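Undergrad: Here's a structure for you.
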Amino acid sequence: MEKAAGSPSVGGSYPQKNAEILSSQYGINLFLAGLLLTFAWAVHAVGISKSHLLSYLITLMLIQLLWMLWYLCRSCMQRRLIRDKDTHAGARWLKCGITLFAVITLILDSFKIGYYIDFSNCLSPTEGIFPVTHAVHTILQVYFLWCHAKDIIQSFKTLERFGVIHSVFTNLLLWTNGVLTESKHQLNEHKERLITLGFGNITIVLDDHAPQCNCTTTTLCSIFSQGIYYLYPFNIEYHILASTMLYVLWKNIGRKVEHHQQHKTPFKFHGITVGMIFGLIVLTSTIAIVVVYLIQIGRSKIKSELALTMFYLHAIFVLALMCTAGIVALLIYRLEDRSLDNSKNPARKLDAELLVGTAAGSWLLSWGSILAIICAQAHPKYTWYNLPYSVLVIIEKYIQNLFIIESIHREQEKVNDDIKTLRIVTISRGSTLSLTPSYKEIYNGRASRDDGEVPCLFKGSICRRENGGGGAKEETSQENGSAMHSASDFSFYSRSSVTNNKRRILKNIAAFLFLCNLSLWIPPAFGCRPEYDNGLEEIVFGFEPWIIVVNLAMPFSIFYRMHSAASLFEVNCKT
């Protein structure tokens, strides 16, 4: 009987779980096939060319386009139906961020089209079809995410699971392709700079995929070829953001949500001036450091060493400030007694997992640098700055992850209804009602006394003052009650002031860390990578092994900074 009674619930949940497993396995196999194709092209495997890889990616994008069009048409036909929405998914600021990256991605596609036109005599037609398809895919996908990122799909669930997971892994493959292309370009520049640092024993073989023909317009070709690699960081962030938003949509399919009011948390500049000022100083100085680094590195051995020393000193100072700010925020949390929100939330869970998972990329590089410094026989002066830098990278991410994860799990502070709806009534001799003076006077324990009226602060009760006998006694009791209320009001005001000060400090810390993470995203995204140029790790581990480690870990490190900035923006809105 127990088995029979329990079977309906098991049977009801089995198809949904089965569809989730089937669709996830389909997506993983789709991704692995594309990953191996990308790897084969990267290592110049026999029989595999770039046109094969692009053809595969074009096919995936076309399939996703068909699914998105079908979903949009079906949603348009059913627009009058009331649908469940995940209020935590697809925040407006996240949509604005992905739109910005998408616009720059469209500029990148236009550069690729121009590059193809100039080299059309020796390039495969797929290299011209790919950017056009990618541009259409980008426009439709951004529109889809703006309109349907919050959807909780309850119909055609099995089909929709395959469609959404196909979109997730299509974006991951496009992200992988962008990362690989950008990494190959960075690696070629790095190999050319190594000689200037005195590492002549490293064999330099450029991995060249340049077309084997002359350009029709030399100036335009130079602009397109160089501009493409400066736009790739935005394209990479666009695809990883799109895949995370689509993953949340996939997790929400068939989900039952609790209908409760979600408080909107708009971003406000009020009260975060200090954090913004210090953050903008860090951002401005970082941009200046990156410009000087890219100009000086590779010019000569002395200039390269000075550029590396300058980068390390600046990064050490910024990371130390970030560690201090994170520790202060965590101490404030320890002093507060507020419960955590443990309700089921796919978007919040994914944020926490991505923070820890992508931080592992930086931790891997940092531990590699620490080990290289310990084991190396010769230590140029500039390499010693790498030790505190690597240690601080590990500590800073550890502290920052704790702060962000606790912040997004903390319940928002609720204002007591008694505080929001203070009702203060006085009854005069003629039994007329009048409102008391301003709140400022109430908090100061003062109220104007006019014609014998005695204002009284109370909760749900009425203070009376009768005429006639016993007046002195009643006045004494009223004065005692007034004193008690004044003390209570002052105590409440003090607690409220302390709470507001804590909140203001936390908002300034979140704003400062937000701008610092944007600042630390810029150097590796635009080619300022001391892990390449330091040279010490390549001597200890070997050139090829260390380059493989850097190329695998660096994309996660770059994504961590952008994802942390997005999470800190949410923390600032929520605090």
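Undergrad: What residues have an amide H closer than 5 Å to that of Gly298, excluding those fewer than 5 places away on the same chain, when H is modeled at 1.01 Å from N in the peptide plane?
TA: It is Ser304, by chain and number.
Undergrad: Further question: Between Leu66 and Asn501, take the C-beta separation as r, use R0 = 56 Å, and let me know the FRET efficiency to the nearest 0.05. Walk me through the numbers on the way to the answer.
TA: Details: r = 55 Å, r/R0 = 0.99.
For R0 = 56 Å, the calculated efficiency reads 0.50.
Undergrad: If you don't mind, there's one more thing I want to ask. Can you tell me how the range 364-410 classifies by the Cα gyration tensor, rounded, prolate or oblate, using a/c under 1.5 as the rounded cut? Don't skip to the end; give the middle numbers.
TA: Working: a/c = 6.39, a/b = 3.39, b/c = 1.88.
Note, shape of the range 364-410 comes out prolate.
Undergrad: In square angstrom, rounded to the nearest 10, how much accessible surface does Glu544 have for a 1.4 Å probe?
TA: Its accessible surface works out to 110 Å², give or take rounding.
Undergrad: Could I ask something else about it? How would the range 500-551 be classified by its alpha-carbon gyration tensor: rounded, prolate or oblate, with rounded meaning a/c under 1.5 and the a/b versus b/c comparison settling the rest? Don't jump to the answer; show the numbers that get you there.
TA: Details: a/c = 4.85, a/b = 3.42, b/c = 1.42.
It is prolate, given that a/c is not under 1.5 and a/b is the larger ratio.
Undergrad: Provide the per-residue ³J(HN,Hα) series for the range 134-141, in order, calculated from phi with Karplus coefficients 6.51, -1.76, 1.60 and θ = phi - 60°, each as a whole number of Hz, with x at glycine and proline positions.
TA: 5, 5, 5, 4, 5, 4, 5, 5
Undergrad: Right, next: Quote the FRET efficiency, to the nearest 0.05, computed for Ala40 versus Phe156 with a Förster distance R0 of 25 Å and r equal to the Cβ-Cβ distance.
TA: On the way: r = 36 Å, r/R0 = 1.44.
With a Förster radius of 25 Å, E is 0.10.
Undergrad: Next question, about the same structure. Determine the shape class of the range 13-144: with a ≥ b ≥ c the square roots of the Cα gyration tensor eigenvalues, call it rounded for a/c under 1.5, and otherwise prolate if a/b is greater than b/c, oblate otherwise. All intermediate terms of the calculation are to be shown ahead of the outcome.
TA: Working: a/c = 2.37, a/b = 1.45, b/c = 1.64.
Oblate shape, in that a/c is at least 1.5 and b/c is the bigger or equal ratio.
Undergrad: Give me the distance in nm between label points sitting 7 Å out from Cα along the Cα-to-Cβ direction at Leu280 and Asn121, one decimal.
TA: Roughly 5.2 nm, to one decimal.
Undergrad: Another one. Taking 26 Å as the cut-off for C-alpha to C-alpha distance, list the pairs among Lys256/Lys502; Lys150/Lys349; Lys50/Lys191; Lys112/Lys150; Lys397/Lys502 that go past it. If you can, show how the numbers build up before the last one.
TA: Working: Lys256/Lys502 36 Å; Lys150/Lys349 16 Å; Lys50/Lys191 23 Å; Lys112/Lys150 33 Å; Lys397/Lys502 23 Å.
Table pairs above 26 Å Cα-Cα are Lys256/Lys502; Lys112/Lys150.
Undergrad: Can you give the Rg/Rh ratio of the range 113-156, where Rg is from the C-alpha atoms and Rh is the Kirkwood radius? Don't skip to the answer; put the middle values down first.
TA: Details: Rg = 16.5 Å, Rh = 12.8 Å.
Rounded to two decimals, Rg/Rh equals 1.29.
Undergrad: Using amide H atoms built in the peptide plane, which far-off residues or other-chain residues are under 5 Å from Arg410 H to H?
TA: For Arg410, whose amide H was placed from the backbone, the distant partners under 5 Å are Asp341.
The values are calculated or read from the model by the stated rules, or taken from the named source; none is laboratory data. Bear in mind the structure is a predicted one, so any value in this text is a computation, not a measurement. Methodologically, a virtual Cβ is constructed for each residue, glycine included, from the backbone with ideal geometry; neighbour enumeration extends over all protein chains shown. Heads up: the accessible areas ignore ligands, DNA and RNA and are worked out on the full protein's heavy atoms, side chains in. Shrake-Rupley method; radii C 1.70, N 1.55, O 1.52, S 1.80 Å.
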